[in-house]
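The next block holds one structure in the form of structure tokens; read it before the comments.
The values are calculated or read from the model by the stated rules, or taken from the named source; none is laboratory data. Quantities reported herein were computed from a predicted structural model and do not represent experimental measurements. Note: ideal-geometry Cβ built from the backbone for every residue, glycine included; neighbour counts use all protein chains shown.
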Amino acid sequence: MGDSPVGPSNVAELPAPSQVVKPTNKLSQSRAVANSYMLRSMKPNTTSLERAFQLAESGQCLTLDSIRVKLKYEGYDTRQMEGRSLSKQLSQIMQKAQANAGRT
């Protein structure tokens with residue numbers, strides 16, 4: 001099979017549903033789904049703060065809360081997302097990104 005470092009290169013190479021080990025309870029199922037998503041979305045060498053700045057600069061997020069939600073969704077830890085100075089920095093970056101988006 002042509003496996004790449006990230007997984008099978010072709011959907012046809014995925015195991016049949018009968019070969020997949022299924023979690024036994026609902027909590028295990030939800031963790032399995034969350035963990036599989038996180039493995040696909042998190043960048044291995046990007047910290048949650050770096051990702052927060054990336055999101056602010058991208059214009060994808062308009063508020064600090066939306067940055068937190070996106071970070072959690074992508075599997076990042078948001079405990080470092082506190083403090084007046086950080087909030088001010090991210091807010092300024094988001095404002096600049098919105099202003100730049102309005103010009104194009």
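Before we move on, is K43 surrounded by fewer than 12 Cβ atoms within 10 Å (Cβ to Cβ), within 18 Å of the chain's Cα centre (by Cα) and at pLDDT 55 or above? Against the criterion (surrounded by fewer than 12 Cβ atoms within 10 Å (Cβ to Cβ), within 18 Å of the chain's Cα centre (by Cα) and at pLDDT 55 or above), K43 qualifies. Of the residues making up region 55-96, those that are part of a helix (DSSP H, G or I) and more than 22 Å from K43 (Cα to Cα) are R84, S85, S87, K88, Q89, S91, Q92, Q95, K96.
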